[in-house]
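Q: Sharing a structure here in structure tokens format.
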Amino acid sequence: MSHVTRQISRRSMLKATGVAAGAVGIGTAAIPTPAAAAGAYAHPGLLHTRTDLARMAAKVKAGAAPYTAGFAKLTANRHAQSGWTANPQATVIRGGEGQNYVTLYNDIHAAYQNALRGHISGDEAHLDTAVAILNAWSAELTALGGNADRFLAAGLYGYQFANAAELVRDHPDFELARAQEMLSTVFGTVSDDFLVRHNGAVISNYWTNWDLTAMCCVLATGLFCDDKAQVACAVEYFKHGEGLGSIKNAIPVVYDDGLAEWLEAGRDQGHALLGVGLMGTFCEMAWNQGIDLYGYDDNRFFKGAQYVAKWSMGGDVPYTANTRDKGAINGWSGRETVTEAAPVDPASTRPIWAMIANHYTKRRGMSASYLTQAAAKSAPEGGGGDYGPNSGGFDQLGFGTLAFTRDRSEDTSASPSPSATASTSASPSASAPAGGSDPRPQGSAPSSASSVSSDGDLAATGSNEVVGWTAAAGVAAVAGGVLFMRRRDRVRRSQ
């Protein structure tokens, strides 16, 4: 099915369920207007806007700290070099036999880093390299395979590919339509299907980060492809989804001290940090289109992020015991109870904090002591390749010190506003000089009482890496847009 046909089909289904595309209620104070309401989405407008790119270039050119340290981190990364050559595959497999997904995530990070470096430095060789990598993959990739971990591949690498491609969408050599088609059919449909079917498991079987990878892919793909219905689905799932990635399931308890429990803190540190980073990524992409999810439900994400920042640095946090159902629908089943937050390694981190801390302290003028401390501790943030060679070191695009450090807003009560609809040119006018450990997240199993062996756990994770997931049985993926809409409609009627 073509991308245009999928857009029409999705819009028709939205109307059939009584939800107008682009008309999702947003925010908790003044309600911003999504960019899509008046036409196409603002571009560039995923993690980085036109204004963001101009700010980075100007600050680096002026030698301003900490931008220069962040840029030096970027230019020192081997993925950010203009000599990078892509190695595209027709089928990418994550989980099970014949895994080759390492090639995909390395190439995506090379495309993103070269694109970011090109915008900041003005060196077109880096933009050309990013385009060549992305074009090579959109011409070759047709399918994702493997066990349940293929859903992680779809979510993580789908949102990342979209962000890299967004930075070069106006480059004269970039195959935009082909990239949109690939993102929709190879990545978007798999992530959409996961949010509908959850791989044939009961709705709470998969931990929070599984949903969040899929949510980020659905949102990023929708924005990149100007698919209003897909964006509306992603935003609605963030607010009211049945799975553990929706905000009230991911952050189930708000405490009187202003902190809110992050569900996966009961699992381990690495996955909790991953989840916070993914939810921050989701909120940032939405914000750049005028949708305030950072502030949704009385800043619930802020409270959850503060909780994880404090806990991950070794602070004491409360944890309310919770029990989740596990297993396959009409198959084996079990329950798992988690009673306390898992142990942490205060030296462990991911490149997630600068984006979140800067939003709340600089855009909103809020006091965020734990977020600020975590951001300072991890600065300057690197990206893929700076946090070890395994997949967990590539879960975030990173470089937040460079990309998200900002001056304090003069109006911290203002609603988000979409960036200008005109895209940044492929050859930015600003220029800047080129600059020049392995703190992988650690964690332990949750304190739990389980009535079923992890051998049969669909969400038992898929690799023996510290930040990975163990092997899981797979169910063939199918396009889930229509099913997503039906489930979404059923949820709305029941509330």
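The values are calculated or read from the model by the stated rules, or taken from the named source; none is laboratory data. Please read these numbers as outputs of a predicted model, since none were measured by experiment. Note that we place each Cβ from the backbone using ideal geometry, even for glycine, and neighbour counts take in every protein chain shown. For accessibility, only protein heavy atoms count, side chains too; no ligands or nucleic acids. Shrake-Rupley method; radii C 1.70, N 1.55, O 1.52, S 1.80 Å.
Q: Check whether at least one residue in the range 225-232 is modelled with pLDDT of 95 or more, within 15 Å of the chain's Cα centre (by Cα) and part of a helix (DSSP H, G or I), and report yes or no.
A: The answer is yes, given that some residue of the range 225-232 is modelled with pLDDT of 95 or more, within 15 Å of the chain's Cα centre (by Cα) and part of a helix (DSSP H, G or I).
Q: Can you tell me how many residues within the range 357-375 are farther than 30 Å from Val102 by Cα and not in a loop (DSSP other than H, G, I, E, B)? Please lay out each step first, then the result.
A: Quick first cut of the range 357-375, residues farther than 30 Å from Val102 by Cα only: 357-373.
Imposing the further condition that a residue be not in a loop (DSSP other than H, G, I, E, B) reduces the set to 357-363, 369-373.
Here the count works out to 12.
Q: Take the range 292-319 and flag every residue that is open to solvent by 10 Å² or more (accessible area, probe 1.4 Å) and among the aliphatic types (A, V, I, L, M).
A: Of everything in the range 292-319, those that are open to solvent by 10 Å² or more (accessible area, probe 1.4 Å) and among the aliphatic types (A, V, I, L, M) turn out to be Met313, Val317.
Q: Okay, moving on. Taking into account only those residues within the range 111-138 that are under 11 Å from Ser82 (Cβ atoms) and in contact with a Lys or Arg (Cβ under 8 Å, 6 or more places away or on another chain), which is least open to solvent (accessible area, probe 1.4 Å)?
A: Result: His126.
Q: So, one more: Going residue by residue through the range 320-332, is there one that turns out to be open to solvent by 30 Å² or more (accessible area, probe 1.4 Å), among the β-branched types (Val, Ile, Thr), modelled with pLDDT of 95 or more and part of a loop (DSSP other than H, G, I, E, B)?
A: Yes, the range 320-332 has at least one match.
Q: Kindly provide the set of residues from the range 253-277 that are in contact with a strand residue (DSSP E or B) (Cβ under 6 Å, 6 or more places away or on another chain) and in a helix (DSSP H, G or I), ordered by number. Walk me through how you get there before you give the answer.
A: Residues of the range 253-277 in contact with a strand residue (DSSP E or B) (Cβ under 6 Å, 6 or more places away or on another chain): 253-254, 260-261, 266.
The one that is in contact with a strand residue (DSSP E or B) (Cβ under 6 Å, 6 or more places away or on another chain) and in a helix (DSSP H, G or I): Gly266.
Q: Could you say which residue among Asn209, Asn205, Asn147 is open to solvent by less than 10 Å² (accessible area, probe 1.4 Å) and not in a helix (DSSP H, G or I)? Break it down stepwise before answering.
A: Working: Asn209 fails: not in a helix (DSSP H, G or I); Asn147 fails: open to solvent by less than 10 Å² (accessible area, probe 1.4 Å).
Just a single option satisfies the conditions, and that option is Asn205.
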